[in-house]
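S.K.: Sending over a structure as structure tokens; questions will come in a sec.
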Amino acid sequence: MNFPPRLIVLLKAAERITVLTGAGVSAESGVPTFRDAQTGLWAEFKPEELATPSAFRRNPRLVWEWYAWRRKLVAEAKPNAAHIALIEMEKRIPDFTLITQNVDDLHRRAGSVNVIELHGNITRTKCFDENLLMTTWADTGEVPPRCPRCGGLLRPDVVWFEEAMPEEETARAFGRSANCDVFLCIGTSSVVYPAASLPFEALENGAIVVEINTEPTQLTGKADYVLSGPAGILLPELIRTVWSDGGF
Ligand code: BJW
């Protein structure tokens, strides 16, 4: 792709870069995006109707099994060229923050260091009643399994609709968005709040905002630069163009 020359100059000069990623970044690892049509067993359910506390109260087994299926899928997935390009960017930028809405752990597995997980992490589990976190749980055959301390039902440690955002992560994400030279918004439909506000927070505070997506979003008309196409192709190309230092 022929990137706008001014964008290359701005990225070369940037000392503070904040990146927000969404499900599109993991699409090329074979992880379905959140709003993609579901397939197979799950085709009859809308993800938005499974990722809520009320869905879990109504049918905990169904919700647990959906997450168990997704946990297995992400465990088998591998970071793709977009995840790897973001590690390369982090190495070159003195003040770099990666905010992700993804719960799939692929940025950390790829090697990104300064990561803010805004919507939790599917590899962790917690008690629905007490929020007690746990990394392992006994397989007693019950679905969902039960909290060994209080007997409550276990659930994934992710942020569902209707739930409060994690305070510290949300405050840091707004802080890093308000204090950056360039803000990259990659592979998100920009419909879920408060994450969807972050690029606007960056714009209001004078950052250059760049969107990378295969489709237009509500940010497209407002961003300074829009790079249309798959993140796994565009990000490595962009990084090679900006930092042509032979290291990547
Ligand atoms: C590619 C690509 C490729 C594909 N390369 N690109 C203000 C206004 C209105 C409503 C609200 C508001 N504030 C809060 C709300 C309510 C609600 C909300 O936002 N609702 C909206 C739907 C309207 N927010 C909340 O409830 C949040 N809590 C909160 O704010 O608490 C206080 C409060 C509560 C209630 C009312 C008011 C205040 C919590 C939000 C938690 C979201 N959780 C989920 C589930 C996580 C667990 C799980 O994964 O199961 O997070 S929902 C789901 O959406 C998931 C994702 O992280 C998130 C964002 O999705 P994302 O990443 O954008 O994926 P997609 O699929 O939508 O898009 C993929 C994109 O990639 C597309 O654009 C493609 O084109 C692109 N793409 N291939 C580049 N190769």
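The values are calculated or read from the model by the stated rules, or taken from the named source; none is laboratory data. Values in this document were obtained by computation on a predicted structure and should not be read as measured data. Glycine gets a Cβ as well: all are built from the backbone with ideal geometry, and neighbour counts include every protein chain shown. For accessibility, only protein heavy atoms count, side chains too; no ligands or nucleic acids. Shrake-Rupley method; radii C 1.70, N 1.55, O 1.52, S 1.80 Å.
S.K.: Every residue in region 185-203 that is within 19 Å of Met165 (Cα to Cα) and near the ligand (Cβ under 6 Å from one of its atoms), please.
M.R.: Selection gives Thr188, Ser189, Val191, Val192, Tyr193, Pro194.
S.K.: Here is a further query. Under 8 Å between Cβ atoms, which residue pairs at least 6 apart in sequence (or on different chains) link something in region 43-69 that is in a loop (DSSP other than H, G, I, E, B) with a partner that is small (Gly, Ala, Ser) and within 15 Å of the ligand (Cβ to nearest atom)?
M.R.: From residues that are in a loop (DSSP other than H, G, I, E, B), the pairs are Ala43/Ala37.
S.K.: Residues of region 158-184 being crowded, with 18+ Cβ neighbours inside 10 Å, closer than 25 Å to Phe3 by Cα and more than 12 Å from the ligand (Cβ to nearest atom), which ones?
M.R.: Listed by number, the residues that qualify are Ser177, Cys180, Asp181, Val182, Phe183.
S.K.: Working only within region 134-157, note down all residues that are hydrophobic (A, V, I, L, M, F, W, C), away from the ligand (no atom under 16 Å from the Cβ) and not in a loop (DSSP other than H, G, I, E, B).
M.R.: Once the filter is applied, which keeps residues that are hydrophobic (A, V, I, L, M, F, W, C), away from the ligand (no atom under 16 Å from the Cβ) and not in a loop (DSSP other than H, G, I, E, B), region 134-157 yields Met134, Leu153.
S.K.: So, one more: Among the residues of region 227-248 satisfying the criterion of being modelled with pLDDT of 95 or more and hydroxyl-bearing (Ser, Thr, Tyr), which is surrounded by the fewest Cβ atoms within 10 Å (Cβ to Cβ)?
M.R.: Per the stated criteria, the residue is Ser228.
S.K.: Going through region 96-113 one residue at a time, which ones are over 22 Å from Lys72 (Cα atoms) and either exposed (fewer than 14 other Cβ atoms within 10 Å of the Cβ) or within 12 Å of the ligand (Cβ to nearest atom) (or both)?
M.R.: Taking region 96-113 and keeping what is over 22 Å from Lys72 (Cα atoms), we get 96-99, 113.
Once the filter is applied, which keeps residues that are over 22 Å from Lys72 (Cα atoms) and either exposed (fewer than 14 other Cβ atoms within 10 Å of the Cβ) or within 12 Å of the ligand (Cβ to nearest atom) (or both), region 96-113 yields Ile99, Val113.
S.K.: I've got another one for you. So Gly206 clears everything in (1) more than 8 Å from the ligand (Cβ to nearest atom); (2) touching a residue at least 60 places away in the same chain (Cβ under 8 Å); (3) on the phi > 0 side of the Ramachandran plot except one condition, right? Which one?
M.R.: (2)
S.K.: Kindly evaluate Arg35 against the criterion of being within 10 Å of the ligand (Cβ to nearest atom), open to solvent by 30 Å² or more (accessible area, probe 1.4 Å), in a loop (DSSP other than H, G, I, E, B) and among the basic types (Lys, Arg).
M.R.: yes
S.K.: Counting just the residues of region 120-144 that are touching a strand residue (DSSP E or B) at 6+ places or on another chain (Cβ under 9 Å) and touching a residue at least 60 places away in the same chain (Cβ under 8 Å), which one comes out least open to solvent (accessible area, probe 1.4 Å)?
M.R.: Among those that are touching a strand residue (DSSP E or B) at 6+ places or on another chain (Cβ under 9 Å) and touching a residue at least 60 places away in the same chain (Cβ under 8 Å), it is Pro144.
S.K.: Considering (1) closer than 19 Å to Ser29 by Cα; (2) among the aromatic types (Phe, Trp, Tyr); (3) touching a Gly at 6+ places or on another chain (Cβ under 9 Å), say which one Phe128 fails and leave the rest.
M.R.: (1)
S.K.: Give the number of residues within region 67-95 that are open to solvent by 40 Å² or more (accessible area, probe 1.4 Å), more than 16 Å from the chain's Cα centre (by Cα) and not hydrophobic (A, V, I, L, M, F, W, C).
M.R.: Here the count works out to 6.
S.K.: How do the pairs read when you match residues in region 90-112 that are in contact (Cβ under 8 Å) with a residue 24 or more places away in the chain and polar (S, T, N, Q) with residues anywhere that are more than 16 Å from the ligand (Cβ to nearest atom) and part of a strand (DSSP E or B), using Cβ under 8 Å and keeping only pairs 6 or more apart or on different chains?
M.R.: Listed pairs, sorted by first residue: Thr97/Ile17; Thr97/Thr18.
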